[in-house]
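These notes concern the structure reproduced below.
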């Protein structure tokens, strides 16, 4: 009884700031401006499926790059001494203390035709190189902003690995690569899954990065949703798109959790 009482504030918080907003999204997605029930919003929202696929593709690409870059970083941090770990972990999380908008605008200043990089290349008679207003700059912006979300869960999992397992693999004749492939990598799968989930969810729904770093062909589903609400064009359509995006995110999280469970069962 006491535990239920202590959980009361958390339940109230979830109801007010999670359940109620989700319910409002569902309500507006299935109603028109007059409040009448309709499926027209969902039908019209599916006409933007190319934009949705582009958003998923960009998010998947950002996840893969974050994994390739973040895994070695997390591994090096986890293998360092305690004092070095604290410093390196602080350096990873330090950019997150800065505003998301400022971090993105900083890349605009670096990549634009008159930015720092092209100005430096101009000293050698090179450029201006097309570093901005393309899909590569959008994905790069995602990687920069969301890379810490990949490193942190990977570091947490790798740091908790039992060193005796690695020593046992080495005693049985495994080299460094075999030890990593057969011991470290399988045991770090939960961190990989958590990192992919934490990067994919904000990346697939982002809108500011694509607006500042992308071109007209790099519009994402988050941009469409923002325009429906910010421009007051069709908030019911925006709610329908948000609902579709939420379902996609929930499915992705469910698949990731199922994959993690299967890995744990296989390990056992």
Report summary line: Output row, site residue 18, 7 Å Cα→C-beta label point, backbone N cut-off 14 Å, window the range 240-260, residues 250
Query raised in the report: Sorting 34, 194 on the 10 Å Cβ count, fewest up front, what's the list?
Result: 34, 194
Query raised in the report: For the chain, what is the mean residue ellipticity at 222 nm derived from helices alone (per DSSP H run of n ≥ 4: -39500 (n - 2.57); sum divided by total residues; nearest 500 deg cm²/dmol)?
Result: -23500 deg cm²/dmol
Query raised in the report: Listing 81, 206, 93 from the residue with the fewest other Cβ atoms within 10 Å to the one with the most, what is the order?
Result: 81, 93, 206
Query - Cβ-derived FRET efficiency at R0 35 Å, residue 42 paired with residue 64, nearest 0.05 - result: 0.70
Query - Convex hull volume of the range 42-174 per residue (C-alpha atoms, cubic angstrom) - result: 208 Å³
Query raised in the report: For residue 182 and residue 76, what does the FRET efficiency come to when R0 = 25 Å and r is the distance between their Cβ atoms, rounded to the nearest 0.05?
Result: 0.80
Report summary line: Taking a ≥ b ≥ c as the square roots of the Cα gyration tensor eigenvalues, with a/c under 1.5 meaning rounded and otherwise prolate when a/b beats b/c or oblate if not, the range 48-267 comes out oblate
Query raised in the report: Distance in nm between label sites at residue 229 and residue 171, each 7 Å beyond Cα in the beta-carbon direction?
Result: 5.7 nm
Query - Estimated FRET transfer efficiency when R0 is 30 angstrom, pair residue 4-residue 257 (beta carbons, to 0.05) - result: 0.70
Query raised in the report: What is the order of 131, 110, fewest Cβ neighbours within 10 Å to most?
Result: 110, 131
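Just so you know, all these numbers are worked out from the coordinates, no wet-lab data involved. Everything quoted here is computed from the prediction, not taken from an experiment. Here the Cβ is made from the backbone with ideal geometry for all residues, glycine too, and neighbour counts use every protein chain on show.
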